[in-house]
Amino acid sequence: MKLVFAGTPEVAVPALDALIASGRHEVAAVVTRPDAPAGRGRRLVASPVAQRAEEAGIEVLKPARPRDEDFLARLREIAPDCCPVVAYGALLPKVALDVPARGWVNLHFSLLPAWRGAAPVQHALMAGDQVTGASTFLIEEGLDSGPVYGVVTEDVRPTDTSGDLLTRLAFAGAGLLAATMDGIEDGTLRAVPQPVEGVTLAPKIQVEDAHVDFAAPALRVDRVVRGCTPAPGAWTVFRGERLKLIQAVPVPDRTDLAPGELSVGKNNVYAGTGSYAVELLWVQPQGKKPMKAADWARGVRIAPEERLGA
């Protein structure tokens, strides 16, 4: 088939690579979000997908909005058979959905109908799911509600962050998307409507969602920290400033600390929760680089009465 691939962040690059490497289909163009400011100088930088497409000599389209007439006209000129999508980052209007004969097929990082929305991996971790995965489905106008072509499952490991899990799903999902394109082309795959039951939503994680409440049980603290790492970053407050929590491990045998209370040893920092303690391993004070929690604690010289979250 002739394909136009739509995607933007680094997590979409493995799928683009898989389609280029398959040799069975022609990736005629790539659609991605416009260049965005990045780094200290806030210079405009092309998306990871755009950079990879340019390296491969593939035409790159960067519409401000996918309903822009210039973009739609070029899409019609290319006349793709199908448009695979991975984390493109903009809603596709019906006028765009109608262009490819075999539709737009999205690789979504959950087992649909669970976790429809922008942040499925983060929500799966924060909810304590033990198994997740990726799905390919035909895009409709509804939110991730289209019929499903295929799925791949992935166990959630006890120490997974959303970054860890998303990286594994990006590569497993790349193979699934390539196989889905093959199945659509040769007629062996048919999309199956999603079940009505089991629908859960995964909206974008807001900064306030990443606020760690140390009155909550240790397992909840652990899930929020892992689910919000690396982005947007779990956080608490210490001495009136935000402290990012990068890694915290539950310690069931420490039950002597009140919520937010800190216990500092030579190489360990423990914080109390609503159940048992967590050991803080890596933190990032406001305006500084990530550091070991023990180094941070030695530097700030925590007083006995001071608490996280106060």
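At-a-glance table
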quantity: Number of positions in segment 246-299 that are over 22 Å from Gly163 (Cβ atoms) and either of a type in the set (Asp, Glu) or in a loop (DSSP other than H, G, I, E, B) (or both); calculated: 21
quantity: Test result for Gly128, in contact with a helix residue (DSSP H, G or I) (Cβ under 9 Å, 6 or more places away or on another chain), in contact (Cβ under 8 Å) with a residue 12 or more places away in the chain, assigned to a strand (DSSP E or B) and not charged (D, E, K, R); calculated: no
quantity: Near pairs, Cβ below 8 angstrom, 6+ apart or cross-chain, from segment 17-45 (closer than 20 Å to Asp81 by Cβ) to any residue that is part of a strand (DSSP E or B) and open to solvent by 60 Å² or more (accessible area, probe 1.4 Å); calculated: His25/Lys2; Glu26/Lys2; Ala28/Lys2; Ala28/Glu59; Ala29/Glu59; Val30/Glu59
quantity: Candidate set from segment 278-310 (those that are without any contact (Cβ under 8 Å) to a residue 24 or more places away in the chain and within 16 Å of Trp235 (Cβ to Cβ)); member that is most open to solvent (accessible area, probe 1.4 Å); calculated: Lys289
quantity: Every residue from segment 36-66 that is modelled with pLDDT of 95 or more, under 25 Å from the mean Cα position of the chain (by Cα) and either closer than 21 Å to Ile184 by Cβ or charged (D, E, K, R) (or both); calculated: Arg52, Glu54, Glu55, Lys62, Arg65
quantity: Search result, residues across segment 248-277 that are charged (D, E, K, R) and open to solvent by less than 20 Å² (accessible area, probe 1.4 Å); calculated: none
quantity: Count - residues of segment 8-24 that are in contact with a strand residue (DSSP E or B) (Cβ under 6 Å, 6 or more places away or on another chain) and open to solvent by 20 Å² or more (accessible area, probe 1.4 Å); calculated: 1
quantity: Test: residue in segment 160-174 that is buried (at least 20 other Cβ atoms within 10 Å of the Cβ) and assigned to a loop (DSSP other than H, G, I, E, B); calculated: yes
quantity: So Ala118, is it within 16 Å of the chain's Cα centre (by Cα) and either free of Cβ contacts under 8 Å to residues at least 12 places away in the same chain or not in a strand (DSSP E or B) (or both); calculated: yes
quantity: Filter result for the condition that a residue is of a type outside the set (S, T, N, Q) and within 25 Å of the chain's Cα centre (by Cα), over Arg239, Arg190, Arg223; calculated: Arg223
quantity: Test: Leu143 is open to solvent by 20 Å² or more (accessible area, probe 1.4 Å) and either under 18 Å from Val225 (Cα atoms) or touching a His at 6+ places or on another chain (Cβ under 6 Å) (or both); calculated: no
quantity: Only one of Ser110, Ser135 that is part of a strand (DSSP E or B), open to solvent by less than 40 Å² (accessible area, probe 1.4 Å) and modelled with pLDDT of 95 or more; calculated: Ser135
quantity: In segment 145-173, the residues that are of a type in the set (D, E, K, R) and under 21 Å from Val13 (Cβ atoms); calculated: Glu154, Asp160, Asp164, Arg168
quantity: Segment 41-73, residues that are open to solvent by 80 Å² or more (accessible area, probe 1.4 Å) and basic (Lys, Arg); calculated: Arg42, Arg43, Arg65, Arg67
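The values are calculated or read from the model by the stated rules, or taken from the named source; none is laboratory data. Bear in mind that the values here come from a model prediction, so they are computed numbers and not experimental data. Quick reminder, even Gly has a Cβ in these numbers, built from the backbone with ideal geometry, and neighbours come from all protein chains shown. In case anyone asks, the SASA skips ligands and DNA or RNA and just uses the protein heavy atoms, side chains included. Shrake-Rupley method; radii C 1.70, N 1.55, O 1.52, S 1.80 Å.
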